[in-house]
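Enquirer: Mind looking over this structure? Questions follow.
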Amino acid sequence: MTETADRPLFARQPIFDSDLRIVGYELLYRGMVGNHAVFENGSEASAQVLINALTEVDLMEVVDGKRAFVNFTLDMLSAVPEFAKKHLVIELLEDVPVTPHLIRKLGELKARGFTLALDDYGTRRYPRELLNLIDVVKIDLLHVSPSRLPMVVESLESFNIQLLAEKVETLEDYDRCRVLGFEMYQGYFFSYPQIISGRSRGSDRHTILELISTLYREDVQVRDVVGVINRDPAIAVKLLRLVNSALYRRQRNIQSIQQAITMLGLNRLRSWITLLLLDKNSDRGSALTELSLFHAFFCQAVARETNPPMADAAFTVGLLSCLDAFFDEPMAALLKNLPLDTLLQQALLANKGRLGAWLRLGRFMQRYSAQQVSENALEKLGLTREKLSELQQLALQEVSAAKSVLQGHSEALIA
């Protein structure tokens, strides 16, 4: 969502799991000007974030019903709101002195059902009695070098702790942490913090959702798509540049939106425009686009092998599998605006049905090999292990080819 108002309340930055699905947001202090945290008193800044989140806006709407990570100083630990404990993660700042009083206070909060996180781990030592109370450890990649990172991770192996990598700024950072077993990720590589100050939706976001909704209507006509695209010149230019590229062989250049859509066909347009629009709308588009492409091509390949009539639906489910991460909004809310078949909605929302099973498998195969799929799962799928491995490689090849096309025309598509 796009927030615009006179007074920023705070910023939120999404936190992703290993499948790049949003599992929570960190709420960050922001001053009156710019997307930066400038303050003199840490307690006052953190308290202001929490007060604004609980009184000025609907916290559950801001975090989409997920967890809210909020920085807590020692002073604030005595004023934790009881009613928010299912969604509030108490993030202990790295400069809080470790004392018997702190250990006792954290133990009380843990007993009351709160989730405890430790910020900026790796820059100081903590006693075992404190780490035994912690649920999530955040490791700042700007403060822990790549060479030290494995040792820092190893030091936490004996504790029942989830690892969260913060300040993830490159694909190399993400890949390195994924190999080491991190379960959550946060940083500029995925998304910059968004200012929360109102609930108004920008026209650009509205146009994007309207276009995707129009493309997925069962009775969609070319004129319907033209009508939406013509309201956003930037999208129109991107489409024309795409179809006028060397990717498509024509006798002459396309000079109108209607010509472009007619030449491409609605099915091909639906796939490509969805990717381009999502990438346009997201500062973490590259990683999510690649993930969506793998899900789409893999689900399609499995469908072609086991149930060919469902191949198009399987591709669509995979393509839309990261929609919530692209838009920082719940999948259920986004699907209300998309006229998808019930089977597709159930697959996207709850992994239900044959489509849902293929999508769940696609998410697994994006990270693991066919050797790690159980015999029972293979039997239900009707696939051999060798065939599954072959389909995985085919999907990876399709992703590579699609990325080459997107990268080859990136200047035209972004300009």
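The values are calculated or read from the model by the stated rules, or taken from the named source; none is laboratory data. Keep in mind that what you see is a predicted model, and the values were worked out from it rather than measured. All Cβ positions, glycine included, derive from the backbone under ideal geometry; neighbour counts span all protein chains shown.
Enquirer: Restricting attention to the range 161-191, which residues are exposed (fewer than 13 other Cβ atoms within 10 Å of the Cβ) and either touching a residue at least 24 places away in the same chain (Cβ under 8 Å) or not in a loop (DSSP other than H, G, I, E, B) (or both)?
Expert: Leu171, Glu172, Asp175, Val179, Gly181
Enquirer: Next up: Looking at the range 117-129, is at least one residue of a type in the set (Asp, Glu) and at positive phi?
Expert: Looking for residues that are of a type in the set (Asp, Glu) and at positive phi, one finds at least one in the range 117-129, hence yes.
Enquirer: Is at least one residue of the range 159-177 more than 26 Å from Arg21 (Cβ to Cβ) and over 26 Å from the mean Cα position of the chain (by Cα)?
Expert: Within the range 159-177, not a single residue is more than 26 Å from Arg21 (Cβ to Cβ) and over 26 Å from the mean Cα position of the chain (by Cα).
Residues are listed down the side, and each one gets a yes or a no for (1) part of a helix (DSSP H, G or I); (2) of a type in the set (D, E, K, R); (3) crowded, with 19+ Cβ neighbours inside 10 Å:
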residue: Leu349; (1), (2), (3): yes, no, no
residue: Trp358; (1), (2), (3): yes, no, yes
residue: Phe364; (1), (2), (3): yes, no, no
residue: Tyr368; (1), (2), (3): no, no, no
residue: Leu388; (1), (2), (3): yes, no, yes
residue: Leu394; (1), (2), (3): yes, no, no
residue: Gln397; (1), (2), (3): yes, no, no
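Enquirer: Identify, please: which residue in the range 364-390 is under 26 Å from the mean Cα position of the chain (by Cα) and farther than 14 Å from Gly318 by Cβ and is, among those, modelled with the lowest pLDDT?
Expert: Here the residue is Arg367.
Enquirer: Output the helices (runs of 4 or more DSSP H) that fall wholly within the range 100-154 and possess 2 or more residues being exposed (fewer than 12 other Cβ atoms within 10 Å of the Cβ), or say none.
Expert: Where helices (runs of 4 or more DSSP H) fall fully within the range 100-154 and carry at least 2 residues being exposed (fewer than 12 other Cβ atoms within 10 Å of the Cβ), they are 100-111, 149-154.
Enquirer: Considering only residues that are of a type in the set (Phe, Trp, Tyr) and modelled with pLDDT of 70 or more, which ones fall in the range 30-87?
Expert: Phe69, Phe72
Enquirer: Mind listing whichever residues of the range 314-363 are more than 19 Å from the chain's Cα centre (by Cα) and modelled with pLDDT of 90 or more?
Expert: Gln346, Lys352, Gly353, Arg354, Leu355, Ala357, Trp358
Enquirer: Quick check on Glu157: is it farther than 22 Å from Leu59 by Cβ, without any contact (Cβ under 8 Å) to a residue 12 or more places away in the chain and in the same structural domain as Leu130 (by TED's automatic domain parsing)?
Expert: Spelling it out, Glu157 is indeed farther than 22 Å from Leu59 by Cβ, without any contact (Cβ under 8 Å) to a residue 12 or more places away in the chain and in the same structural domain as Leu130 (by TED's automatic domain parsing).
Enquirer: Evaluate the range 312-322: report whether one residue or more is part of a helix (DSSP H, G or I) and either free of Cβ contacts under 8 Å to residues at least 40 places away in the same chain or of a type in the set (S, T, N, Q) (or both).
Expert: Scanning the range 312-322 turns up at least one residue that is part of a helix (DSSP H, G or I) and either free of Cβ contacts under 8 Å to residues at least 40 places away in the same chain or of a type in the set (S, T, N, Q) (or both).
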